Amino acid sequence: MFLSFEEFHARAEAVRLQIAAACAQAGRGPGEVQLLAVTKTHPAAAAEYAARYGLNAVGENRVQEGVEKRAQCTASIRWELIGHLQSNKAKLAAQHFDRVQSVDSVKLINHLDRGAAEAGKVLPILLQINAGRDPAKFGAEIEEAPALLEAALAKPNLRVDGLMTIAPLTAVPEEMRAAAQRTFAALRELRDELATRFGVPLKELSMGMSGDMADAIAAGSTCVRVGTALFGSR
Ligand SMILES: *Cc1c(COP(=O)(O)O)cnc(C)c1O
């Protein structure tokens, strides 16, 4: 059975405390980090809980699931796509999501721009970078990032907010944390380089999940994507 709102509320308070503590440790204000509630695999009630608690966005990793859930959800909240997106679903994604965080190819940029134009909107996006060089992860290589950014900046119906990454899984569990820290530092460094080179702010650094949000915040995350810590295991 899905958790009660009271249970969710307690979990959300604990997550907020963790974020606030990590921000304080990093000398950052707690308002600098957005909490994106990851509702994938959970019912539409998860998004309603998030809205009722006062969060302003939820994250889904599949287009179809997000579209269906959004249609069932009566609360007003922003929907972000955080999972791998195929070009043939780009039009649907552009139509139904308020932001797409998982943009990792020029082909996808072309399709999303066209889809956003048809939907009559400017679609905010993040470029997903495989900053941890994990062969099992989607995301563009660090070296491809300038070409992706250049392509995206040329699109009238896209707005590039920043970068997104997922920390790699390591064969040895003890190496997970160091690998995550390296990944977050690499994304931050890439953002700083690209921002200077292209003269755009790229304000958003979406990095950190339930298990590694404190390290991500220390490295400059502006958006942590949290599922398990808010809603329990999937
Ligand atoms: C599922 C998912 C998350 C949330 O992971 P948790 O460990 O449950 O917090 C974050 N980001 C992406 C891209 C995801 O697919």
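Coordinate-derived values only; no laboratory data. Predicted model, so just to flag it, every value in this text is computed and none were measured. Reconstructed Cβ throughout: ideal geometry from the backbone, glycine too, with neighbour counts over all protein chains shown.
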Checklist outcome for this item: Here the residues within the range 140-177 that are out of contact with any Asp or Glu (no Cβ under 6 Å at 6 or more places or on another chain) and within 16 Å of the ligand (Cβ to nearest atom) are Leu163, Met164, Thr165, Ile166, Leu169, Thr170, Pro173, Met176, Arg177
Checklist entry - Residue check: is Ala218 closer than 30 Å to Leu3 by Cβ and of a type in the set (A, V, I, L, M)? => result yes
Next on the checklist: For the range 223-234, give me the residue count where each residue is more than 8 Å from the ligand (Cβ to nearest atom) and under 14 Å from Ile166 (Cα atoms).
Outcome noted: 2
Checklist outcome for this item: Within the range 38-69, restricting to residues that are within 14 Å of the ligand (Cβ to nearest atom) and of a type in the set (Asp, Glu), the one that is farthest from the chain's Cα centre (by Cα) is Glu65
Checklist entry - In the range 8-37, what residues are more than 16 Å from the ligand (Cβ to nearest atom), touching a Cys at 6+ places or on another chain (Cβ under 7 Å) and either of a type in the set (Asp, Glu) or in a loop (DSSP other than H, G, I, E, B) (or both)? => result Gly29, Glu32
Checklist entry - In the range 116-132, which residue that is surrounded by 20 or more Cβ atoms within 10 Å (Cβ to Cβ) and free of Cβ contacts under 8 Å to residues at least 40 places away in the same chain is nearest to the ligand (Cβ to nearest atom)? => result Gln128
Item to check | the range 80-91 - residue that is more than 16 Å from the ligand (Cβ to nearest atom) and surrounded by fewer than 16 Cβ atoms within 10 Å (Cβ to Cβ) and, of those, nearest to the chain's Cα centre (by Cα) | outcome: Ser87
Item to check | All positions within the range 16-27 that are touching a residue at least 24 places away in the same chain (Cβ under 8 Å), surrounded by fewer than 19 Cβ atoms within 10 Å (Cβ to Cβ) and under 20 Å from the mean Cα position of the chain (by Cα) | outcome: Gln18
Checklist entry - Which of the residues belonging to the range 98-115 are of a type outside the set (Lys, Arg), more than 16 Å from the ligand (Cβ to nearest atom) and more than 16 Å from Gly66 (Cβ to Cβ)? => result Ser105, Val106, Ile109, Asn110, His111, Asp113
Next on the checklist: Looking at the structure I just gave you, is Thr183 among the β-branched types (Val, Ile, Thr) and more than 15 Å from the ligand (Cβ to nearest atom)?
Outcome noted: no
Item to check | the range 92-115, residues that are touching a residue at least 60 places away in the same chain (Cβ under 8 Å) and surrounded by fewer than 18 Cβ atoms within 10 Å (Cβ to Cβ) | outcome: none
